[in-house]
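Since the structure comes first, as structure tokens, the remarks are kept for the end.
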Amino acid sequence: MVRIASLIILLAAIVPLQAADPTTPIYWSAEKTRELIKEAAAKVNKDTGMSPQRFMDSAFMMYREKSSGSEIHTGSADFIIVNDGAGTIVIGGTIVNGKLDRPGEIRGDSIEGGTPHAVKAGDTLYVPKNVAHQFQVTAGRYLVYTVVKMTPAE
């Protein structure tokens, strides 16, 4: 799993910040992953507590120092690889005060009845489409994860 995360993160260093997915294979090292995490930490938005690094349409890395709201993706699933830090990812349950944020994306305040998963570097989770999820980070800590967006087979 660390190799997959490393591969995705290296792409960020090689591919300019563009929307398209590459058409050729790309590789990067664990050292490059550590460099990207350091760069993201230096660019955290103090209001949101986030520093997103988009790799391509289907993948991004998030450096997070604050908890997120809840979210549901109606057309895609999330394959999440925890790169560094620690936190909790709540999956399932009911989204609280959910509203359509943009096509295919419902955002809310929190989740009721979800299952919390304490996560640390090396952990991997799969969140199916139409399932609520939320990222929680304890004050003074951080969580870095890579998300690969997937369109599940029906």
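Annotations for the structure displayed:
- Taken as a whole, the structure leaves LEU10 outside the set of residues that are part of a helix (DSSP H, G or I), at pLDDT 90 or above, surrounded by 14 or more Cβ atoms within 10 Å (Cβ to Cβ) and touching a helix residue (DSSP H, G or I) at 6+ places or on another chain (Cβ under 7 Å).
- Considering region 52-81, and only residues there that are of a type in the set (Gly, Ala, Ser) and over 19 Å from ASP123 (Cβ atoms), the residue that is surrounded by the most Cβ atoms within 10 Å (Cβ to Cβ) turns out to be SER70.
- Listed conditions (1) in contact with a Pro (Cβ under 7 Å, 6 or more places away or on another chain); (2) under 22 Å from SER58 (Cβ atoms); (3) hydrophobic (A, V, I, L, M, F, W, C) are all met by LEU143, apart from (1).
- Residue in region 82-108 that is surrounded by the most Cβ atoms within 10 Å (Cβ to Cβ), counting only those that are of a type outside the set (Asp, Glu) and closer than 22 Å to ALA41 by Cβ: ASN83
- Residues that are within 23 Å of LYS38 (Cα to Cα), of a type in the set (Ser, Thr, Tyr) and touching a residue at least 60 places away in the same chain (Cβ under 8 Å) within region 135-151 comprise TYR142, TYR145, THR146, listed in sequence order.
- Unmet criterion (only one of (1) surrounded by 12 or more Cβ atoms within 10 Å (Cβ to Cβ); (2) at pLDDT below 95) for ILE111: (2)
- Residue in region 127-134 that is out of contact with any Ser or Thr (no Cβ under 7 Å at 6 or more places or on another chain), in contact (Cβ under 8 Å) with a residue 40 or more places away in the chain, under 20 Å from MET61 (Cα atoms) and of a type in the set (Gly, Ala, Ser) present: no
- The residue list ILE106, ILE89, ILE72, ILE95 contains one member that is of a type in the set (A, V, I, L, M) and within 12 Å of the chain's Cα centre (by Cα), which is ILE89.
- Test: residue in region 91-104 that is under 12 Å from GLN134 (Cβ atoms), modelled with pLDDT of 95 or more and among the polar types (S, T, N, Q): yes
The values are calculated or read from the model by the stated rules, or taken from the named source; none is laboratory data. The shown structure was predicted, so the numbers you read here are calculated from the model rather than taken from an experiment. Heads up, the Cβs are rebuilt from the backbone with ideal geometry, glycines too, and the neighbour counts pull from every protein chain shown.
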